[in-house]
Structures are given as structure tokens and as C-alpha cells.
1. If you go through region 55-70 one residue at a time, do you hit one that is at pLDDT below 60 and out of contact with any Pro (no Cβ under 7 Å at 6 or more places or on another chain)?
2. Could you please find all residues in region 236-260 being open to solvent by less than 60 Å² (accessible area, probe 1.4 Å), in contact (Cβ under 8 Å) with a residue 24 or more places away in the chain and either within 13 Å of Leu195 (Cα to Cα) or not in a helix (DSSP H, G or I) (or both)?
3. Residue by residue through region 207-219, note down the ones that are within 19 Å of Arg235 (Cβ to Cβ) and open to solvent by less than 60 Å² (accessible area, probe 1.4 Å).
4. Looking at this structure, is Gln170 in a helix (DSSP H, G or I), open to solvent by 60 Å² or more (accessible area, probe 1.4 Å), within 18 Å of His118 (Cα to Cα) and at pLDDT below 80?
5. From the list Ala208, Ala251, which one is of a type in the set (A, V, I, L, M) and more than 15 Å from the chain's Cα centre (by Cα)?
6. Cβ contacts < 6 Å: first residue under 16 Å from Ala241 (Cβ atoms), restricted to region 264-283; second residue of a type in the set (Phe, Trp, Tyr) and open to solvent by less than 40 Å² (accessible area, probe 1.4 Å), any location; separation 6+ or different chain. Result?
7. Scan region 112-152 for residues that are modelled with pLDDT under 80 and within 26 Å of Asp60 (Cα to Cα) and report the count.
8. Within region 173-180, does at least one residue satisfy the condition of being at pLDDT below 85 and in a helix (DSSP H, G or I)?
Amino acid sequence: MKKKRREPDVTRSITPALPETPEHEPSTTAPGNDSGPFINLPWPTVGDDEHLYLAVNVSDETVPFPHDSLLRLEPGDIVIGAAFRSPRLLSSGEKLALFRIPLCLLDASAADLHEVSHTHLSGRSGLTSLVSQFLTALARTPRHQRLTGGRRLALNTADLVALLVGDVLQMRGRRAAPGAQDMLARIQQHIQDNLMDPDLAPESIARAHHISVRYLHKLFQSGGTTVSAWIRQRRLDACRAELRGRRRTVAAVANRWGFASPSHFSRLFRQTYGITPKEWQAAASCDA
């Protein structure tokens, strides 16, 4: 008989939300903590104080979760939360490791992340097991060794947690957050307002909206396009309108709308509209 594929185990949700731990509280959890009870990495400065919190059972025994008398964490289990309270959460000594990750580094919107808050994940198998093993090893690594890895280690950690969050959302049948379309609309308006900026790029756009570049690409992919393609088309449309209405050189118009090379602009224009910019300009002037 063919063995049925075992889906990742999402045990249940945990309520209510838990207040955030103050930064100055002493560390009493796993070795390597450097700010209150939380294990921190050199996250890039993003100007966003919102975080996703994780508690991981890094011990080899079952640990009761202080904020839910019915919940017991098996070795490797993970609890995702909006925040965790201490010192009661730390009553299990070094058996629970606590992490917090800026929301902007995760490939999901705030609405999506609200859906996964207060979730208990079994660490027995699947992606949760992989993430749990990584976080457990990280928790046991001395602080100075973690800092040696720098931002690359921090971003790799965020990537793994982002995969876990995406896995949970997929299991719950959520393809996109209700606010994703609003976010995309705001980003598109931002692009429209800054089309003339030659430095307009996915990195600067993501930074301006406090999201990751990968999530930015994800938003545009949901609409069947890419960030670069959407910017390029808006610029071409603007150039086409200006060439029709004003007597300016093709090079001047291309430069005005962020195209570094007139020849590259001309090639893109012809590929898109089937006519060169000069031919379009000449035809438009005859119609005027």
C-alpha cells in the first residue's frame, strides 16, 4: 500500500497575544543571548520596529509552555507569536530559546503574519524540523561567533523563517494577504511618482516600503509581471506621450525618463510599439 505523505504538523493556535518583553530584562535563556531574553543577530537597519517572535524547544525533553497550561512543547517544537512575555516565559530555564525577526525581512505582509501568530508547530519532521535544528544550533552558538557571521547569517536566518511562514500560510490555503493588493497599489503609485529617477530600482523601492526585495518581486509576480518590466513599460509610455506632444530630441526624452542609453531606449521602444521613436515622433507631428 502506498504510504500517504505526511503533511507538516500545525498543532493549534495559541491565544491571547502576549505583550512584548522589554529590552533591558536580563538574559536567562540559551547561551549567546545578547538583548534581554532574545537571541539577536545583526539585522540590517530598516526603520521598522515590528517583529515576529519564535520560541524553540532546544532541549531533549518535553517543556510546558508557560502561557498555555494545555500546551507542551516536544523537542524541536516551535511557537510563533506576536510577542512573548518574561520572566514567566523563561521559567523553563535554558530549554526555550527566543528569537525575534523584523517583519520587513519576511516574505509576507503584516496581514499574513497576523494569521500565523500564536501558532504551535511540531518539530518532528518536514520544514519545521529543518528550521528548528538551525535555530537550536544558532541558540547554542556563543554571541561572538554569531556576530562573526554578520548580516549574511542574519539574512539566512530570516530566509529560513520566511520559508516556514510561507509553508504555514500555504497549509492554511492563503495565497495572498487581503492587504497585498493595497500594498501593490501603493508601490505602483510610488514608482509612477519617481519614474524620472534613474536610480529607481527594486532595492530602493523595497527599502522605501519597509519590505524585502523578494516580497516585492512576489507582489508583482502575482500580477503576472516583474518589477523591472512594470517600470520599463511605464517609462516607455511616458516617453511615447512626450514625443507626441513636444518637439524634443529622442535622446533628451530618454534621459528625462531614466533611460541611460538612447540606443537602448530606441531598441526597447521599437520592440514594444513596432516603430522607432523618431518614426513615431514624425508620424505624430503629421497628425497634429
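The values are calculated or read from the model by the stated rules, or taken from the named source; none is laboratory data. As the structure is a prediction and not an experimental result, all values here were calculated from the model. Cβ sites come from the backbone with ideal geometry, for glycine too, and all protein chains shown count toward neighbours. With ligands, DNA and RNA removed, areas are computed over all heavy atoms of the protein, side chains included. Shrake-Rupley method; radii C 1.70, N 1.55, O 1.52, S 1.80 Å.
1. Within region 55-70 (the criterion being at pLDDT below 60 and out of contact with any Pro (no Cβ under 7 Å at 6 or more places or on another chain)), the answer is no, since none of the residues qualifies.
2. Leu236, Ala238, Cys239, Val253, Trp257, Gly258, Phe259
3. Of everything in region 207-219, those that are within 19 Å of Arg235 (Cβ to Cβ) and open to solvent by less than 60 Å² (accessible area, probe 1.4 Å) turn out to be Ala208, Leu216.
4. Spelling it out, Gln170 is indeed in a helix (DSSP H, G or I), open to solvent by 60 Å² or more (accessible area, probe 1.4 Å), within 18 Å of His118 (Cα to Cα) and at pLDDT below 80.
5. On the way: Ala208 fails: more than 15 Å from the chain's Cα centre (by Cα).
Going through Ala208, Ala251 in turn, the sole match is Ala251.
6. Taking only residues 6 or more apart or on different chains, the pairs are Phe265/Phe259; Pro277/Phe269.
7. Number of matching residues: 7.
8. Going through region 173-180, the residues at pLDDT below 85 turn out to be 173-180.
Next, only the ones that are in a helix (DSSP H, G or I) stay: 180.
Within region 173-180, one or more residues are at pLDDT below 85 and in a helix (DSSP H, G or I).
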